[in-house]
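Below: the structure, in structure tokens.
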Amino acid sequence: MTSTSPAPEFKDIPEPAESDLTDVNAVPAADIAFSPQRMAKSMQLCRDKMVKVGDEWEVDGLSFVDSAYEISRVFDVLGTGFGFIKHDITSKAARLSELFNQNKKRYTTIQGMIRVEIQDKADYSSSGTKCSVRLRWMLEFVKVFFGL
């Protein structure tokens, strides 16, 4: 049985226009500038699209990817010295986006993708599991870097 998450909302952040949000099914254009409002909205959508599977909450894969893209844009503002961080985040997010779009029926959540890859004994070197773990490490770095 699945249901949507009653996630807490981000407070005091103006809503972006619908046209400000990226398409979660496409690699976002490089010319889209960083917007704290758009980043907060994508993170809120990721929370709102969490799915309850059994007793656990799972993260919607494409919403997670979209949030990662939005978070990566902050490094454009910080300058070229942080380009390697943005590259790591966007390359992992692009791989996950590709996997989720190629396997729409089997991959819906990050945790579900991991279960399928374990069941299928997927090659770890090119797996979504590897990408999701590394992407999570990068997002943890961002969290520590900004003192969140």
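Annotations
- Here residue 80 clears all of (1) closer than 18 Å to residue 145 by Cβ; (2) open to solvent by less than 60 Å² (accessible area, probe 1.4 Å) except the condition numbered (2).
- Set 91, 97: member being of a type in the set (S, T, N, Q), within 11 Å of residue 69 (Cα to Cα) and touching a residue at least 40 places away in the same chain (Cβ under 8 Å): 97
- Answer residue from segment 117-148, given it is open to solvent by 40 Å² or more (accessible area, probe 1.4 Å) and in contact with a helix residue (DSSP H, G or I) (Cβ under 6 Å, 6 or more places away or on another chain) and is nearest to residue 67 (Cα to Cα) among those: 134
- Segment 46-58 - residue that is of a type outside the set (D, E, K, R) and modelled with pLDDT of 85 or more and, of those, surrounded by the most Cβ atoms within 10 Å (Cβ to Cβ): 50
- Subset of segment 51-109 [out of contact with any Phe, Trp or Tyr (no Cβ under 6 Å at 6 or more places or on another chain) and of a type in the set (Asp, Glu)]: 55, 56, 58, 60, 66, 70, 88, 98
- Pick from segment 93-116, criterion assigned to a helix (DSSP H, G or I), of a type outside the set (A, V, I, L, M) and surrounded by fewer than 21 Cβ atoms within 10 Å (Cβ to Cβ), ranking: farthest from the chain's Cα centre (by Cα): 115
- Residue 79 in contact (Cβ under 8 Å) with a residue 12 or more places away in the chain and not charged (D, E, K, R): no
- Residue check for residue 144: in a helix (DSSP H, G or I) and closer than 23 Å to residue 37 by Cα: yes
The values are calculated or read from the model by the stated rules, or taken from the named source; none is laboratory data. If you're wondering where the values come from, they're calculated on a predicted model, not measured in any experiment. Here the Cβ is made from the backbone with ideal geometry for all residues, glycine too, and neighbour counts use every protein chain on show. In case anyone asks, the SASA skips ligands and DNA or RNA and just uses the protein heavy atoms, side chains included. Shrake-Rupley method; radii C 1.70, N 1.55, O 1.52, S 1.80 Å.
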